[in-house]
Amino acid sequence: MTQAELDRLVAEIGNELLGRLQVPKALKGEGLNIPDLVCPDCTQRCVQTCARKTREILACGADRVSASEKLTRTDPSVASMIDHTLLKPEATESEIRKVCAEARQHSFASVCVNAYWVPLVAELLKGSPVKVCTVVGFPLGATSTASKRAETEAALQSGAQEIDMVLNIGALKSGDTEAVRADIAAVVEAAHKAGAIVKVILETALLDDSQKAAACALSKLAGADFVKTSTGFSKGGATAHDVALMRRAVGPELGVKASGGIRSLDDLKQMAAAGATRIGASASVKIVEGARVSGGY
């Protein structure tokens, strides 16, 4: 069979199939990009970018659909708010590698891990915009200022770019505000010297509103870059009430990070509406996938 004969046969088969499907004659020969049937800005990647089109494809008879992770589109305004977090003590190397791959794929703000994993995370995130974040004085905040500073310096030398430190909760509740300020300032000084930022974890579930406001004021006086609600290891996590209070206390100059119990896009939206500029979550992928399906944030 010659090429011309093969082309003619393919055309005949195609026309026959179109006829059986009762496709209007005006649409025959238009291929995939039929003007009235495609979405605006169509990339012909329905599985990656459009849940509605994917459902239509399945309804038409497909048993499987194929998608590439590298092409999956997420809402950057959501992903860029999230510190992709894995702080459980039993976290394994394979789990750390997985969260780093997810962070690179979705362009999260940072990956937040315990200090032991910082060198590995720094290596895995090299060349990406995703920051390396670790915790200091975690999760109780009751270690000495000298040890917190030493933890900070060691983490920075290993590749950390963001430090989430737990303030001295007992000192704050005892009214020793100068000890709290000095504790934060020591970590801030070490971090800023290396070009890193500091987020101060208040553990809001253990404080009343006046103590939360005082902690915010002390963090601001000490030069911190963010205040943060929770470690996720205490009796409560982030609430919109606490985030709004913290935003009022620090004003527009500092960031506010909501962390602890944020598991959905609706949770993220609630915290952002209250004033959060960063979110700490282990359910980060679920959140950005929710943003993609719902059409964004």
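Details
Residues are listed down the side, and each one gets a yes or a no for (1) among the polar types (S, T, N, Q); (2) more than 23 Å from Ala160 (Cβ to Cβ):
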| residue | (1), (2) |
| --- | --- |
| Lys173 | no, yes |
| Asp183 | no, no |
| Ile197 | no, no |
| Thr204 | yes, yes |
| Pro252 | no, yes |
| Ser264 | yes, yes |
| Leu268 | no, yes |
| Met271 | no, yes |
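- Selection of region 236-255 for residues being under 19 Å from Ala283 (Cα atoms) and either β-branched (Val, Ile, Thr) or part of a loop (DSSP other than H, G, I, E, B) (or both) yields Gly236, Gly237, Ala238, Thr239.
- The set of residues in region 163-214 that are without any contact (Cβ under 8 Å) to a residue 60 or more places away in the chain, in contact with a strand residue (DSSP E or B) (Cβ under 8 Å, 6 or more places away or on another chain) and not small (Gly, Ala, Ser) comprises Ile163, Met165, Leu167, Ile184, Val187, Val188, His192, Ile197, Val198, Val200, Leu202.
- Counting residues in region 109-117 that are assigned by TED's automatic domain parsing to the domain that holds Ser284 and free of Cβ contacts under 8 Å to residues at least 12 places away in the same chain gives one or more.
- Candidates Asp183, Asp164, Asp208, filtered to the one that is of a type outside the set (A, V, I, L, M, F, W, C) and within 20 Å of Leu87 (Cβ to Cβ): Asp164
- Cβ-Cβ under 7 Å pairs, at least 6 apart or on other chains, region 120-131 side over 16 Å from Glu95 (Cβ atoms), far side hydroxyl-bearing (Ser, Thr, Tyr) and buried (at least 19 other Cβ atoms within 10 Å of the Cβ): Val130/Ser110; Lys131/Ser110
- When region 182-198 is filtered for residues that are of a type outside the set (D, E, K, R) and in contact with a Lys or Arg (Cβ under 7 Å, 6 or more places away or on another chain), the ones remaining, listed by number, are Ala186, Val187, Ala190.
- Filtered by the rule that a residue be within 17 Å of Ala205 (Cβ to Cβ) and of a type in the set (D, E, K, R), region 225-262 gives Lys228, Lys235, Asp242, Lys257.
- Restricting region 71-104 to residues that are modelled with pLDDT under 95 and assigned to a helix (DSSP H, G or I), the residue that is nearest to Ala154 (Cα to Cα): Ala79
The values are calculated or read from the model by the stated rules, or taken from the named source; none is laboratory data. Quantities reported herein were computed from a predicted structural model and do not represent experimental measurements. Cβ sites come from the backbone with ideal geometry, for glycine too, and all protein chains shown count toward neighbours.
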